[in-house]
Every structure is written in C-alpha cells, then in structure tokens.
Amino acid sequence: MTEMDGQARPAGGLPEPPDLLRAIYDRAATADPAAGYHLVESDGSLRRLPYRDLLRRGAWLAGRLPAPARPGPAGTTLLIAGLDPQTTLLAFFAALHAGAVPVILPPPSALGGLSDFVARTRAVAGQFAGPVALALEPELFAGTAPAPELPVLWLPTAADCGTADPPPRTPGDVAFVQLTSASTGAGKLVPVTHANVCANLRDLRRALGTGLRERVASWLPLYHDMGLVGGALLSAFWGWPVYLLRPTDFILRPARWIDTLSRYRCTFTASPNFGYDYAARMVRDRDVADADLSALAHAVVGAEPVRYASLAAFVDRFARYGMRAANLVPSYGMAETTVATTVAVPGRTPRYVCVDSGQAVVGKPVQTLGEGVLGEPPSAGVAAFSMGVPVGDLRVELVDEDGRVLEEERTLGEVTVRGGSVCPGYMDPASGVPEPFARGVHVTGDLGFLDRGELFVLERVKHVIIRNGRNYLASLLEARVADVLDRPAAEVLVCDTDIHDPASKVVAVVENAPAAFGLTAAQRRALRELEVALDEVVVCRRRAFPRTTSGKKKYHEARRLLAIRALPVAAVIPLGDDLHSNDLHGNELQGDDLRGVDLQGDGPQGGLCGDVPAP
C-alpha cells in the first residue's frame, strides 16, 4: 500500500495542553530553572535567558505592543524582524501573551535589502483582516520605521519582568503564522493552530525517542519552520536548554556549531543538508582539536534533498571526535505540517535506495538499482535516503496525476498528507482568514515513493525536466553532475531553459567556481552521456542562484535570470563536439576554440552561498 499511517500514541499518553503558551508555562514550572534560550555570542561567551525569565519578560513586553491585541482571526498580527534570536523570541512570546498572532519575517539581509523587506512586509501585512503591527530591532533600520503606515515596537535590548495570566485560547485558535519558502512560486502564509503545534511537538519527540533531559544546539534562522518549531519551540515545550547561534556566525565560522555541540554536551541538533556539507568542507582541524561529539544522539537532516556525499563527508570528517553515522536522522517536513511529517528510525544508520534518474513517470514503478546504508557508497544511480514513517497521527498517501491513490510500493507519486498537525490551509489574501485544504489534505507538490513502508522523496513536481515524453528529476541530475565535476551538489543547478519548448537547451549552472575551473575531455563526455545530455555548463565565479529564504533553489527564477542574462556568469561552455577542450584558463583554448563560449561580466548577486537559510 502506498499509504502510511503515523506511529500509534501510547494509551493514556501525556495530557494534551490547551495551547502552546500554557504548555510552556506548565513545563517551565517543573523543568530545570537554568533551562532556557541561551545565545552563544561571536566571542564564545554565553548570554543566558531561562524560560521562566523569558515568560516574565514576555508578559511585560506584551503590555507595550503598539496596537490593541484581540484574539481571533481579526485580532492583531505582530510582524517580527531581528537578528538576535533571544530578542526575536521575546517578541514572539510577548505576542502570545497579548493574544496577538506572531509572524517572524526574514530580515532585510535575507531578502536582498531594505526595499525588498518593505515590499515583503507590506505584502504580508495586507493578507490579514485585523490590525498589523511591527516589532523590530532598531539596529537593523537605524531607528527609522521601514513602513510608516504600520505602528512599530522597537525591541529593547533588555526587558523588565512582568506577571500575567496567559489569555484563554482554544486548540483551534491560530497560535502563529509561518511563511513558506516558495521554491516554486510566491510564498504563502501558513496559520498554525495551538492544536497543530502541540500535536507536532509531542509527536516529534516520540518519533525521535528523546527524553526529558536533552540539550539542543541550533544555528537555524527563526523565520524558518525548522529553526522556530523544530529548534526553539520544541526545546521550550519539553523544557530542554537550547544553545542558539546566529546564522551569520555559523556561516562565518562553522566550527562554532561543532564547538557548541561539544562544549555544552548537546544531544540534539538539526540542519538542512547544506549545514553538514558546509561544516565538513570548511571546519579546520585546529578549530576543533579538543571537540567531543560523543553526547550527540540525534542530528536531524531535512529541509532539502539529503545527499550521500554530504552525510558521508560529515561522518568521515568528525568520526575522530565521536560522530557516528547512526546519529544522523533524515526527515521530511514543511510549514504546512507545522514542521515534521516523517522521521527516519533513530539510532539506525541511514538507509538509501539507488534510483535511476532517467525513470521518473508518475504512476509507474521507480527504477531502482540497489540499496545500502550510509558508509556503503552507491554503485549505480543516485542514492535517495529513507525519510522514515509519519509522526503521530499523520497519514501519507501517494497519488497519481488524477489524484488517485497509488497502491503499490516503489511507484512514483505525489505526496499528500493529512492529520492533526496539518495546518488549516493557506491564508486567503481576500478574506484574511485561512482557506481550508480540500478535505483536510495537503498536496505537497513533492514526488516520492514508498519502500518497506518508508517514504523516499525525490523532487518537486515543478523541478522535473521532460524530454521525449520522459520525466527526469532535476535534483538527481544535479547529484550526477556534481559527481562528474567534483563540486558540491548545493552549487549545481540543472534546468531546461524553456519549460514550454521540449527541445530547449538543458544547462548546468555552477556557482562559486574557482578561477581554474575547466572541463576535461572525460568530464565533457560524461556530461553528454547523462540520462539527459547537457547542452551547456554555465560558469559563475561567485554565488549565483536565486534562493528562497530557507536556502532552496528557485528554478523558475533561475530560468528567468538566465534568459535575460542577469546571472553573474563568467563563461558558458558548450558541450557539443566542436570544442576539444573547455579549460577557460591557460593556453588550451585560443582563437577559434572559443567559438560559442559566451564570456560575460558579473551581473547582480543572485542568491545565497550554498543552500543555507539567509541570516
């Protein structure tokens, strides 16, 4: 059956709290008084904020919100933007105390600048029926309101303590709103109810098999569901101390993540594939000489395709410090299911199935070429990792293009989800209230299959290249191209140049290419012999891909920028038979050998370095 039911809840399990804030109050009353949101500063010092202080300061700040707070769909919405995780979370809990609905926005640096932030803020504000206010860090805006029509609370660097009873809320009330990352179009607003978030946080802990004394490290941005729900709220809900890094600090010095895991004996962390790949490549021995990762039991991987090369490199790089393959936990999730949808079996070495990227027909069997576990390199095809089974009462089904449920395993279909942590729907801009998912089912837009009851996710529906009536998955092609070029898959984007023209060119864009980048004859031949023969390699010397705020490649936008020559392209290398070499430096390409090589100056900066959520 290509249908998956979540893990059964134990009979007479934990009592269900009425709302998120009350649940955290109850947990803080019994948890270690020192547990809280602790910020690891750039110099390594620790700024502590126990949960009990957080709640008291949130109550104090709630009385200073710049607009009247009223519960319900037409109540106040508080849009929050900041770089300091503690300050951002303080504003988030102030909104909960006031009965307002918090929404954490990406800061200007994650959106391309102040003008883009203002446009995004106004677009988001316009989708709510009730009053909207801003809570901002003054340092980001030089104390000048970016949208004068919206009242602003300038967030204090310090807050007094107050007392307040949390306002009465029902499980069906909206607790907060998340922004989708919009890898295939405009971002959507996802309202999360108290019932949604409490169910998902409860079920995620059960799925992971974690206890009540975990210690968490997170560098993820709070405007992303993995950072907010899977890091900050999960920790507060269970009373775990969490050690927070600013995303910029991780990017500038990824060893800080490893040092935090080691110094505070953290047992739990989470990151997209990019983070593990980036740390494996960028952390130097001298920066982690005394590291000890033996306490780390759960290193969750999600938010983007999981790559064999990235996970293998991370384990190999940090094995001497106590990292084990069985500690990596691939997962599948999204804002629409609050955060977690499926989780692999914890404590088991991640399992993969080798997939032929040239066989991708919805409703037809997936061509598999073998299987293995992390540590056993795939011998053919591309390794697709098991994302495990659904959490809690979530139910996953695969459907064909007509919406019919597919019954057979290893059959490609679109993933659909329903259950208690699936959110009510997307915010309807016209009415300012959620527009329910049809029959309560979220159609994800992701393609995948089941094997032995476990979910394998391959690609977005809109990231499929169609040639001669056959579908080819862009992410699997990118993994193949990355292997040929010996580049990180995060720095390779494969797309057709015109989705409406079945004969348009198929190109691989390579960003952050070194000055000496070139193609050998063997590499050229390998790229032409892929399931979809590449026509060109587009070379960019620096970061180039347009990305969502959570770091996912935006294929539609990349295709548009290619068409108008707005990517920072250094060279375009044709892969036809007329070039006997493609090196762009030295004496191998001269005169007529440069026919068709399109040399351009640097264009506008197009995205983030790697698949990292922007700070």
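Points to keep in mind about this one:
- Matching entry among G453, G419, G388 (being under 18 Å from the mean Cα position of the chain (by Cα) and on the phi > 0 side of the Ramachandran plot): G388
- Comparison of R524, R565, R543, R560 shows that the only residue that is under 24 Å from V355 (Cα atoms), out of contact with any His (no Cβ under 6 Å at 6 or more places or on another chain) and not hydroxyl-bearing (S, T, Y) is R524.
- Candidate set from the stretch 100-112 (those that are open to solvent by less than 20 Å² (accessible area, probe 1.4 Å) and not in a helix (DSSP H, G or I)); member that is farthest from L233 (Cα to Cα): P107
Matching residues to (1) farther than 16 Å from L150 by Cα; (2) modelled with pLDDT of 90 or more; (3) in contact with a Lys or Arg (Cβ under 9 Å, 6 or more places away or on another chain); (4) of a type outside the set (K, R):
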| site | (1), (2), (3), (4) |
| --- | --- |
| P50 | yes, yes, no, yes |
| L54 | yes, yes, no, yes |
| G58 | yes, yes, no, yes |
| G63 | yes, no, no, yes |
| A67 | no, no, no, yes |
| P73 | yes, no, no, yes |
| A81 | no, yes, no, yes |
| P85 | yes, yes, yes, yes |
| A91 | yes, yes, no, yes |
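- For the stretch 551-573, filtered to residues that are assigned to a helix (DSSP H, G or I) and free of Cβ contacts under 8 Å to residues at least 40 places away in the same chain, the residue that is surrounded by the most Cβ atoms within 10 Å (Cβ to Cβ) is E557.
- Yes/no for W240 being more than 19 Å from the chain's Cα centre (by Cα) and open to solvent by less than 10 Å² (accessible area, probe 1.4 Å): yes
- Some residue of the stretch 364-381 being closer than 23 Å to A195 by Cβ and part of a strand (DSSP E or B): no
- Number of residues in the stretch 86-99 that are open to solvent by 10 Å² or more (accessible area, probe 1.4 Å) and either in contact with a Phe, Trp or Tyr (Cβ under 7 Å, 6 or more places away or on another chain) or among the charged types (D, E, K, R) (or both) equals 1.
- Looking at the stretch 435-485, the strands (runs of 3 or more DSSP E) lying wholly inside it that each contain 1 or more residues that are open to solvent by less than 30 Å² (accessible area, probe 1.4 Å) and either under 27 Å from V329 (Cβ atoms) or modelled with pLDDT of 90 or more (or both) sit at 442-451, 454-460, 470-473.
- Put simply, of A164, A119, A133, A182 the only residue that is modelled with pLDDT under 85 and either more than 22 Å from the chain's Cα centre (by Cα) or acidic (D, E) (or both) is A164.
The values are calculated or read from the model by the stated rules, or taken from the named source; none is laboratory data. A quick note: this is a predicted structure, and the numbers were derived from the prediction, not measured. Positions of Cβ are backbone-derived with ideal geometry, glycine not excepted, and every protein chain shown enters the neighbour counts. For the accessible areas, the whole protein counts, side chains as well, though only heavy atoms, and no ligand, DNA or RNA atoms are used. Shrake-Rupley method; radii C 1.70, N 1.55, O 1.52, S 1.80 Å.
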